[in-house]
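The values are calculated or read from the model by the stated rules, or taken from the named source; none is laboratory data. None of the values given here were measured: they were computed from a predicted structure. No Cβ is skipped: glycine too gets one built from the backbone with ideal geometry, and neighbour counts run over all protein chains shown.
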Amino acid sequence: MKSAVPDVRTRAMNESDPNLSGRFALYWMTSFRRTEHNFALQRAVEWATELDTGLLVLEALRCDYRWASDRFHRFVLDGMQDQLEALEGRSGVTYYPYVEERPGAGRGLLAELARSATVVVTDDFPTFFIPEMLRAAADRIAVRLEAVDSNGLYPMRGTEKVYPSAYTFRRHLQKALPPHLERTPDADPVAKLGGRTAPEVPAAVLRQWPDATPRLRTLASDLSDLPIDHGVEPAEIRGGVTAARSRLRTFLDHPLSRYADDRNQPDEDASSGLSPYLHFGHISAHEVFAAVAEREGWTPDFEGRPTQGKRTGWWGMSVPAEAFLDELVTWREVGFNMAAHRPDHREYESLPDWAQRTLADHAGDPRPHLYPLDAFANARTHDEIWNAAQRQLRREGVMHNYLRMLWGKKILEWTRSPREAASVMIELNNRYALDGRDPNSYSGIYWCLGRYDRPWGPERPVFGKIRFMSSASTARKLRLREYLERYSD
DNA sequence: ATCGGCTCGCGCAA
DNA sequence: TGCGCGAAGCCGAT
């Protein structure tokens, strides 16, 4: 099929052909939870028009995935409400939200729906339970199953190489990204279904797996009936595409101009706050990029720009805009590059050799402060900066980006082994952070243990040559007073 | 306030 | 084969 979605973003997950007698193309939305700027949805629309059917959009929310809690459910449900409103009354498309009530209740839904489908298109996301779920689905589905990468500006499988540093990845992007900037997803892919009839969800399917539409609002405010972790409460920040866009506008209007100077200052509100939305797919990197470019009055022109991996000067935008794009593109997408190519990206053994070597050299060093997981979780350490950062994470589902590094460095220092440090970081990050369970969770966590970094001297206890950070120098360097006050016990 | 040193691996120029 | 350079490090010298 002729497609506007780049081939490098599309993977056939099985050998099957489309079922020409299917009644609809099925888009199984799992990671890019939005109806706009979404290559996967766009691809599903292409199949619908190609095979002359409508499109069914299934957005499912399981209750038995690891770390399922009121916090993440609420965020996803906010998004479902937005999807419902965005697709209501659009021709050719039916939105079918499903919220699983008991573990395993959703089993069989996809396969059953696929029996009536021409093809199934889904989201290609390289970590958490998604890759395993995709493989399992491929075995159970008799029609063509495609996974489409709409994660970032550069396709996560755009190169076979795995980049060991942001610097080398940036240098690669400076050569390889420009053509991809011209291949953006349609802003409103569903528009191409104009004039078509919206498909009906088969009645037998609805009997077993009821449409959650009538319950979405109730669920968003009361999750007590679901078997998920009610101890991790909903965050104050709302999920969904509408909230994501509103945060983007706020960021462009104010903090962006201070981004380069102040993003590391906990007392300033200079960070984008977009990572939860990017994680759940409530906003696309393409849309964020386009908004920044528009604000900067920027059009692509890379003639004569340096391509040596330098952090500034390549885009030809303002200093703060370039600093932000280095986070949004280089740092965000280097994590997708790693996760897409290395199934072991969550494991300690994926650290670079020099890091594992130096940490092993210091395995026997004395560790004067040791805390178990729940002391960390409850912010009961001797260090008030660390405790404040952890309280912010627990309460708000986000942590200030600079303190997030210090937070991890101290967990390394205060656990029995670097392996235990990694597992504590993974547990806390994925349990509490809205942007957890993401390729960049592992980039950030393992950065604290040397990934994407280089050795630093002098060699220190426990850390060895891993870059050391201390609360004392953080307190000296940063404006923190209000932050410590706000997140005091 | 600013600077060099600490230390390793990469990719590119030569 | 050599060289430059790198997420935000720290520390001590100037």
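Check the stretch A:429-439 and report whether any residue there is touching a helix residue (DSSP H, G or I) at 6+ places or on another chain (Cβ under 7 Å), over 18 Å from residue A:354 (Cβ atoms), part of a helix (DSSP H, G or I) and within 13 Å of DNA strand C (Cβ to nearest atom). I'd like the intermediate steps shown before the answer.
Going residue by residue through the stretch A:429-439, those that are touching a helix residue (DSSP H, G or I) at 6+ places or on another chain (Cβ under 7 Å) are A:429-430, A:432-439.
Applying the additional criterion that residues be over 18 Å from residue A:354 (Cβ atoms) yields A:429-430, A:432-439.
Retained after the next criterion (residues that are part of a helix (DSSP H, G or I)): A:429-430, A:432, A:439.
Those left that are additionally within 13 Å of DNA strand C (Cβ to nearest atom): A:439.
Yes, the stretch A:429-439 contains at least one residue that is touching a helix residue (DSSP H, G or I) at 6+ places or on another chain (Cβ under 7 Å), over 18 Å from residue A:354 (Cβ atoms), part of a helix (DSSP H, G or I) and within 13 Å of DNA strand C (Cβ to nearest atom).
The conditions of being among the basic types (Lys, Arg), within 16 Å of DNA strand C (Cβ to nearest atom) and farther than 19 Å from residue A:41 by Cα are not met by residue A:135. Tell me yes or no: at least one residue of the stretch A:154-170 is away from DNA strand B (no atom under 16 Å from the Cβ) and in contact with a Ser or Thr (Cβ under 8 Å, 6 or more places away or on another chain). Within the stretch A:154-170, not a single residue is away from DNA strand B (no atom under 16 Å from the Cβ) and in contact with a Ser or Thr (Cβ under 8 Å, 6 or more places away or on another chain).
Taken over the stretch A:285-314, residues that are farther than 30 Å from residue A:437 by Cβ and surrounded by 18 or more Cβ atoms within 10 Å (Cβ to Cβ) amount to 2.
Could you tell me whether any residue of the stretch A:341-348 is over 20 Å from the mean Cα position of the chain (by Cα) and either touching a residue at least 60 places away in the same chain (Cβ under 8 Å) or under 18 Å from residue A:167 (Cα atoms) (or both)? I'd like the intermediate steps shown before the answer.
Kept after step one, since they are over 20 Å from the mean Cα position of the chain (by Cα), are these residues of the stretch A:341-348: A:348.
Add one more test, that the residue is either touching a residue at least 60 places away in the same chain (Cβ under 8 Å) or under 18 Å from residue A:167 (Cα atoms) (or both), and what stays is A:348.
Yes, there is a match, as at least one residue in the stretch A:341-348 is over 20 Å from the mean Cα position of the chain (by Cα) and either touching a residue at least 60 places away in the same chain (Cβ under 8 Å) or under 18 Å from residue A:167 (Cα atoms) (or both).
Contact map, the stretch A:16-31: residues that are among the charged types (D, E, K, R) paired with residues that are in a loop (DSSP other than H, G, I, E, B), Cβ distance under 6 Å, separation 6+ or inter-chain. Pairs shown: A:23/A:116; A:23/A:199.
Taken together, A:184, A:213 contain a single residue that is under 24 Å from the mean Cα position of the chain (by Cα) and hydroxyl-bearing (Ser, Thr, Tyr), which is A:184. If the condition is being of a type in the set (A, V, I, L, M, F, W, C), touching a helix residue (DSSP H, G or I) at 6+ places or on another chain (Cβ under 9 Å) and surrounded by fewer than 24 Cβ atoms within 10 Å (Cβ to Cβ), then the stretch A:13-40 contributes only A:13.
Can you spot a residue in the stretch A:267-275 that is in contact with a Leu (Cβ under 8 Å, 6 or more places away or on another chain), closer than 28 Å to residue A:126 by Cβ, away from DNA strand C (no atom under 16 Å from the Cβ) and in a loop (DSSP other than H, G, I, E, B)? The answer is no; no qualifying residue exists. Give me a count of the residues in the stretch A:6-43 that are of a type in the set (Phe, Trp, Tyr) and more than 16 Å from residue A:286 (Cα to Cα). Of the residues in that region, 3 qualify.
Is it fair to say residue A:282 is surrounded by 20 or more Cβ atoms within 10 Å (Cβ to Cβ), at pLDDT 90 or above and not in a helix (DSSP H, G or I)? So residue A:282 fits the description; yes.
What is the residue count in the stretch A:454-481 for residues that are basic (Lys, Arg), assigned to a loop (DSSP other than H, G, I, E, B) and either within 9 Å of DNA strand C (Cβ to nearest atom) or touching a strand residue (DSSP E or B) at 6+ places or on another chain (Cβ under 6 Å) (or both)? Full working, then the answer.
From the stretch A:454-481, those basic (Lys, Arg) are A:454, A:460, A:465, A:467, A:476-477, A:479, A:481; that's our starting set.
In the following step, the residues that additionally are assigned to a loop (DSSP other than H, G, I, E, B) were identified as A:454, A:465, A:467, A:479.
Keeping just the survivors that are either within 9 Å of DNA strand C (Cβ to nearest atom) or touching a strand residue (DSSP E or B) at 6+ places or on another chain (Cβ under 6 Å) (or both) gives A:454, A:467.
So the answer is 2.
For residue A:351, indicate whether it is more than 15 Å from DNA strand C (Cβ to nearest atom) and either at pLDDT 95 or above or more than 30 Å from residue A:419 (Cα to Cα) (or both). For residue A:351, the condition - more than 15 Å from DNA strand C (Cβ to nearest atom) and either at pLDDT 95 or above or more than 30 Å from residue A:419 (Cα to Cα) (or both) - is not met.
I need every pair where a residue in the stretch A:188-204 that is at pLDDT 95 or above has its Cβ under 6 Å from the Cβ of a residue that is outside any loop (DSSP other than H, G, I, E, B) and among the small types (Gly, Ala, Ser), sequence separation at least 6 or different chains. Within 6 Å, the pairs are A:196/A:54; A:197/A:54; A:198/A:54; A:199/A:54. The single condition from (1) part of a helix (DSSP H, G or I); (2) touching a residue at least 24 places away in the same chain (Cβ under 8 Å); (3) of a type outside the set (Asp, Glu) that residue A:105 fails is (1).
Return a yes/no flag: does the stretch A:116-129 have any residue that is in contact (Cβ under 8 Å) with a residue 24 or more places away in the chain, buried (at least 23 other Cβ atoms within 10 Å of the Cβ) and acidic (Asp, Glu). Talk me through it step by step, then tell me what you get.
Residues of the stretch A:116-129 in contact (Cβ under 8 Å) with a residue 24 or more places away in the chain: A:116-129.
Those still in the list that are buried (at least 23 other Cβ atoms within 10 Å of the Cβ) too: A:117-126.
When the remaining residues are screened for being acidic (Asp, Glu), the result is A:123-124.
Yes; the residues of the stretch A:116-129 include at least one that is in contact (Cβ under 8 Å) with a residue 24 or more places away in the chain, buried (at least 23 other Cβ atoms within 10 Å of the Cβ) and acidic (Asp, Glu).
Considering the stretch A:315-330, the residues that are crowded, with 18+ Cβ neighbours inside 10 Å and more than 19 Å from residue A:251 (Cα to Cα) include one that is farthest from DNA strand B (Cβ to nearest atom), namely A:315.
Suppose we filter A:450, A:444 for residues that are near DNA strand C (Cβ under 10 Å from one of its atoms) and either in a loop (DSSP other than H, G, I, E, B) or within 30 Å of residue A:124 (Cβ to Cβ) (or both); which single one remains? Spell out the reasoning first.
Values: A:450 fails: near DNA strand C (Cβ under 10 Å from one of its atoms).
It is A:444.
Restricted to the stretch A:153-209, the set of helices (runs of 4 or more DSSP H) holding at least 1 residues that are over 19 Å from residue A:11 (Cα atoms), more than 16 Å from DNA strand C (Cβ to nearest atom) and touching a helix residue (DSSP H, G or I) at 6+ places or on another chain (Cβ under 6 Å) comprises A:203-208.
Can you tell me how many residues within the stretch A:385-410 are within 16 Å of DNA strand C (Cβ to nearest atom) and either modelled with pLDDT of 95 or more or not aromatic (Phe, Trp, Tyr) (or both)? Quick ask: steps written out before the conclusion?
Applying the first criterion (within 16 Å of DNA strand C (Cβ to nearest atom)) to the stretch A:385-410 yields A:385-386, A:389, A:398-410.
Narrowing further to those that are either modelled with pLDDT of 95 or more or not aromatic (Phe, Trp, Tyr) (or both): A:385-386, A:389, A:398-401, A:403-410.
Residues in the stretch A:385-410 being within 16 Å of DNA strand C (Cβ to nearest atom) and either modelled with pLDDT of 95 or more or not aromatic (Phe, Trp, Tyr) (or both): 15 in total.
Within the stretch A:419-473, the set of residues being under 19 Å from residue A:400 (Cα atoms), within 16 Å of DNA strand B (Cβ to nearest atom) and more than 28 Å from the chain's Cα centre (by Cα) comprises A:470, A:472, A:473.
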